[in-house]
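Comments concern the structure below.
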Amino acid sequence: MDRRTFVKGSAAVVGASTLPHRVYAQAAAPDKIRFGYSITQSGPLGPGAESTSISQYRLWQKRVNDAGGVMLKKFNKRVPIDFVAYDDQGKPDELLKLTERLIQQDRVDMILGPYATHMNLASAPIITKYEYPVIMTTATTTKTYTLGPKWPYAFWNISQPEESTQPLSQALAQLKKEGKISGRVAVVNVALEYGVEMSAAFVEAAKKDGLEVVLNKSYPLGSADLQPLLREVMASNPDAFLAMSYPPDTFMLTEQAQIVGFNPKFMYVAIGGVFPTYKGKFGNKVNGILAYGGIDPGAPGMDEYAKAHLAVLNKPYEAGAVNVYSALQVTQQAIETVGEIDRKKIRDVIASATFQTVWGELKYVNQRNANPWAVGQWQNGEIVGLHPSNKAGAKPLLFPKPAWS
Amino acid sequence: MILFEVFLNGLLLGGMYGLIALGLNLQYGVARILNLAYGEFFIGACFIAFFTITGPWQLNPLLSLFVSAPIAFAMNWLIYQYLMIPLIQRAPDQDALDADVVLVTFGLLFVFQGLALVNWSGDLRGYSFLSVPVHLVGAIMALNRLLAFLGACALAVALFLVLRHTRFGSALRAITIDPVAASLVGVDVRKFSALAFAAGGALAAASGMLVSTFISFSSTTGVEYTLKALIVVIMAGVGRVTGTLAAGLLLGVVESLGGYLVDPGLTIAINFALFMLVLLVRPTGLFTRA
């Protein structure tokens, strides 16, 4: 990751190449495993990439190296992790160039995923071409169903638009059946691939479940005032309000809903709703708000993870980043099962084995996480998982959302 | 009634746009330096306000103005004296200078952004301050947005009075109109330009502090505010201080009403459409004398 270690690393490579060739023939254990990644550090998506992905990469590296490194059975030796990192500025073409560079020039052993749906999608073909297995941790798109099978080296860790929105629609249909709501739903979305797909998937599910979508509008990323939009939402008189939003607008919608006194009984915000800074800003007013993703705070290894997070990164963990950490654990477990850096075998292990992680038990079917957390909710100041309800640690829905005040 | 509220909130939003642009217009209009690192001072003040309220003492974030504005003033003065003066001295004409300045301040942007990333990480931040509704004839506004609006008006009026009624202001206006002629009548152009540039930086900090009460921000979002400010400055006319606030208000109201009456998806498009219209009809800005 640091340029210095990278320079040292390359110096070591140059030094090693002057040694007699038979040193290589003996297949000595590598002195480090080099992970490369290209991710968005600057631009509007930089903050999300930092808190969701990059911080987890750093934490994982520290924890694994403190424990001696990744165990390579073939050499019976623990080998530390080293990073080579680049900033793709949120541009898919930069990402492709940099990934090519990581593989061709830096000759990294493994690749870690980029940030955001469109970047994950851009990365999948190229890592498949070079046969580097990568678990994509920040992609929510229906394309994983149609295009996913074409990219056997890409794995999809988080819940996709249908999986993420159908439980919401079903929960609302259940409330309607119980006579607790009349079934009027307002949905807004940020005009990005993620927001559009989530919104479309939800509206389709809602119609099937007999709900009435009374408002469905989109707004641009970077909106400076969402109060007029909220006024339209209020005018449509919904029981439930769902925002397929990105972090800055998640914060703004929540604040402005309080200003105008909009108190839906059921409120969902998408990305950013599980950030610790979200709770930092709104305090206990977050209780009852539903958000994208979820975790089981009682999952095995969670306590140690939470402690290490606070100690190393100097802040509490965030629910939306736990899945990223789980992908790193899967990667490590797969490498240790294979016992050497053989990317084909590592890929096959990820595709077939079951893994124990801080995000619960993980298994990939058709390269997609078979049962990811899809919906979470703030309860007693903590984010908990609601759906899938058959997962260990799943909690029942808190309804209605307490009024602001 | 809702329409009235949307209009009022458009005014508040426009006040924010004007506020963000005031300092940039001082830097670009008087000192003739297009400072692309402008938004970094805005974001710096956001962070200082954030740490003032969330830090160990939990102080009123408004107090942070007493720290961030002087720091921004001093840093901008130093930037002018030690980075811009050499460029000004070696440039054969204003066009060549503009090109150099854009490159150098673009570089500065990344230096400041890098420092911010190292110190404060890239996390999204925000805090709650005066996040309470204010009722005015049935319409609801957020008190923190209202405060930023009043701050914008106060700063614009103060700046206007300084420019109109003080010797310092007369010197600045002379420089705005013609720096060469100003120096011929005894105005120390270098000294006054440096002060105007520094004051512009302090205004960036003041606007950042006020706006941070209701937006979320991170180390990398400064450039968005530089762009917004630049649009307002170009619309108002370079060097027009009160025009800056008026142009901001116009943008805010049109954006709000357009978003509400037509479609919320169009707010940013409406903004740029208005900007292009002004460029076509009055390329030197709305508030310049013909």
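The numbers here are math on the coordinates, done by the rules we state, and not lab data. Predicted, not measured: the structure shown is a model, and the values here were computed from it. Cβ atoms come from the backbone with ideal geometry, glycine included; neighbour counts cover every protein chain shown.
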- prompt: Can you give the direction-averaged projected area of the convex hull of the alpha-carbon atoms in the range B:25-74, in nm²?
  reply: 3.7
query: What shape does the range A:273-405 have by the C-alpha gyration tensor, where a ≥ b ≥ c are the square roots of the eigenvalues, rounded means a/c under 1.5, and otherwise prolate means a/b greater than b/c and oblate the rest?
result: prolate
query: aspartates and glutamates near A:Lys73 by alpha-carbon distance under 15 Å, same-chain residues fewer than 8 away left out - which ones?
result: A:Asp31, A:Glu336, A:Glu340, A:Asp342
Environment charge of A:Thr144, counting only residues whose C-beta is closer than 14 Å and scoring Lys/Arg +1, Asp/Glu -1: -1
- request: Distance between Cα centroids, the range A:34-102 to the range A:231-259: provide it in whole Å.
  value: 35
- request: Would you order A:Thr117, B:Thr267, A:Thr146 from fewest to most other beta-carbon atoms within 10 Å of each residue's own beta-carbon?
  value: A:Thr146, A:Thr117, B:Thr267
- prompt: What is the mean projected area of the alpha carbon convex hull for chain B, to one decimal in square nanometres?
  reply: 16.0
query: Among the aspartates and glutamates, which have Cα under 13 Å from the Cα of A:Lys208 when same-chain residues fewer than 8 positions away are ignored?
result: A:Glu162
message: Among the listed pairs A:Lys279/A:Lys315; A:Lys176/A:Lys207; A:Lys279/A:Lys363; A:Lys279/A:Lys307; A:Lys32/A:Lys62, which have their C-alpha atoms separated by more than 21 angstrom in this model?
response: A:Lys279/A:Lys363
task: Using a 10 angstrom cutoff on alpha carbons, build the Gaussian network for chain B and name the most mobile of B:Glu40, B:Glu224, B:Glu255.
output: B:Glu224
field: Net charge, A:Arg107 excluded, C-beta distance under 15 Å - Lys, Arg +1, Asp, Glu -1
entry: -2
message: List the residues, sorted by chain then number, that are 5 or more residues from A:Ile111 or on another chain and whose placed amide H is less than 5 Å from its amide H.
response: A:Gly36
field: Under 14 Å from A:Lys97, Cα to Cα: aspartates and glutamates that are on another chain or at least 8 residues apart
entry: A:Asp87, A:Asp88, A:Asp106
statement: A student applying the Cα gyration tensor rule (rounded when a/c is under 1.5; otherwise prolate if a/b is larger than b/c, oblate if not) would label the range A:214-271 rounded
query: Relative contact order for the range B:32-231: what is it in percent, counting Cα pairs under 8 Å that are at least 6 residues apart?
result: 44
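With a cap of 11 neighbouring Cβ atoms within 10 Å, and only residues DSSP puts in a loop, list the chymotrypsin sites (Phe, Trp or Tyr not before Pro) found in the range B:38-87.
For chymotrypsin sites (Phe, Trp or Tyr not before Pro) across the range B:38-87 that sit outside H, G, I, E and B with at most 11 neighbouring Cβ atoms in 10 Å, the list reads B:Trp57.
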- request: For every helix of n ≥ 4 consecutive DSSP H residues, a contribution of -39,500 (n - 2.57) applies; sum these over chain A, divide by its total residues, and give [θ] at 222 nm rounded to the nearest 500 deg cm²/dmol.
  value: -12500 deg cm²/dmol
statement: Between A:Asn65 and A:Ala235, the two model label points (7 Å from Cα along the beta-carbon direction) sit apart by a distance in nm of 5.7
message: Test of understanding: express the Cα radius of gyration of the range A:163-272 as a ratio to 2.2 N^0.38 Å, with N the residue count.
response: 0.98
- prompt: Hey, quick one: spin label on A:Ser182, modelled 7 Å out along Cα-Cβ, who in the range A:213-255 has an amide N within reach, i.e. under 13 Å?
  reply: A:213-214, A:235-240
task: Quote to one decimal, in nm, the extra length available between A:Tyr145 and A:Asn76 on full extension: 0.36 nm per residue of separation minus the C-alpha distance between them.
output: 20.9 nm
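Rounded to two decimals, what ratio of Rg to Rh does chain A give with C-alpha atoms and a Kirkwood Rh?
Numbers: Rg = 22.2 Å, Rh = 22.1 Å.
We get a ratio of 1.00 for chain A.
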message: For a quick check: with amide H placed at 1.01 Å from N, whose amide H comes under 5 Å from B:Ala142's, ignoring anything fewer than 5 positions away on the same chain?
response: B:Val134
task: Mind running the shape call on the protein assembly as shown? Use the C-alpha gyration tensor, a ≥ b ≥ c as the square roots of the eigenvalues: rounded below 1.5 for a/c, prolate if a/b tops b/c, oblate otherwise.
output: oblate
